[in-house]
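Enquirer: First the structure, which I've put down as structure tokens, then a few questions once you've had a look.
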């Protein structure tokens, strides 16, 4: 029985994580769910990595969790999937899902946990726990609602229907739709742009965007909520980082000198 694997390579500051289980349309096995948080931790600690692309091997992104593992025990597999999803959502650098073919169930869960999603025209998206009688995780549900709004999130969760890339673009599930032949080039171009930008700006923006409307999400040290002062503490934290980093001075100098900036602050 295929166990599948996660492959990873880095080029120009961009790490690409490939979901590979071609015999099962890149379905995630328990071993693959377990491996993802550790792999992401390694990439987060690597200062040379400035962005991460998540994609699938061949012509599909991910068909979700391996159904045979659900038969063996859905609660354990769901816990592994939730941990992997939350590790991806919490990754401190920009993440982008490059989607071809089916992006269904746990695959859509992973794509939604990325910051951005670029899709080929042939991509199909679905959130399918209603076909299996599974309770979709609370964190994943809230993430869908924040991304799509409650009506579209309910449509996908209630019906388990698949939607095409054009509808995914209209609803905000994806950010760009491209011809299949042009997806890799566009992803490489855009992530190259991300890798050249200020990580300080990106890290602060990611935190503020991800905690918008969730007061007290983190305290001044990035730990658990500490009450009403948490937002002010995080603003003060990033103000200190900005003063110490020198990215703003470099950005202004580069603009005036008509050159590309060389930002040095890293996550």
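Enquirer: Collect the residues in region 171-196 that are surrounded by fewer than 17 Cβ atoms within 10 Å (Cβ to Cβ) and in a loop (DSSP other than H, G, I, E, B), keeping them in residue-number order.
Expert: Of everything in region 171-196, those that are surrounded by fewer than 17 Cβ atoms within 10 Å (Cβ to Cβ) and in a loop (DSSP other than H, G, I, E, B) turn out to be 172, 175, 179.
Enquirer: In region 171-183, what residues are within 20 Å of the chain's Cα centre (by Cα) and farther than 23 Å from residue 130 by Cα?
Expert: Matches in region 171-183: 175, 176, 177, 178, 183.
Enquirer: While we're on this one: Of 55, 60, 77, which residue is buried (at least 20 other Cβ atoms within 10 Å of the Cβ), in contact with a strand residue (DSSP E or B) (Cβ under 7 Å, 6 or more places away or on another chain), in the same structural domain as residue 175 (by TED's automatic domain parsing) and in a loop (DSSP other than H, G, I, E, B)?
Expert: After ruling out the rest, the residue left standing is 60.
Enquirer: Follow-up question, since we're still on this one. Out of the residues in region 1-38 that are under 15 Å from the mean Cα position of the chain (by Cα) and touching a residue at least 40 places away in the same chain (Cβ under 8 Å), state the one that is surrounded by the fewest Cβ atoms within 10 Å (Cβ to Cβ).
Expert: Filtering first and then ranking leaves 37.
Enquirer: Inspect all residues belonging to region 82-90 and state whether any of them is in the same structural domain as residue 41 (by TED's automatic domain parsing), over 26 Å from residue 192 (Cα atoms) and touching a residue at least 12 places away in the same chain (Cβ under 8 Å).
Expert: So far as region 82-90 goes, yes, one or more of its residues are in the same structural domain as residue 41 (by TED's automatic domain parsing), over 26 Å from residue 192 (Cα atoms) and touching a residue at least 12 places away in the same chain (Cβ under 8 Å).
Enquirer: May I pose another question? Is there a residue in region 232-253 that is outside the structural domain of residue 57 (by TED's automatic domain parsing), modelled with pLDDT of 85 or more and part of a loop (DSSP other than H, G, I, E, B)?
Expert: Among the residues of region 232-253, at least one is outside the structural domain of residue 57 (by TED's automatic domain parsing), modelled with pLDDT of 85 or more and part of a loop (DSSP other than H, G, I, E, B), which makes the answer yes.
The values are calculated or read from the model by the stated rules, or taken from the named source; none is laboratory data. Fair warning: this is a prediction, and the values are worked out from it, not measured in the lab. Note: ideal-geometry Cβ built from the backbone for every residue, glycine included; neighbour counts use all protein chains shown.
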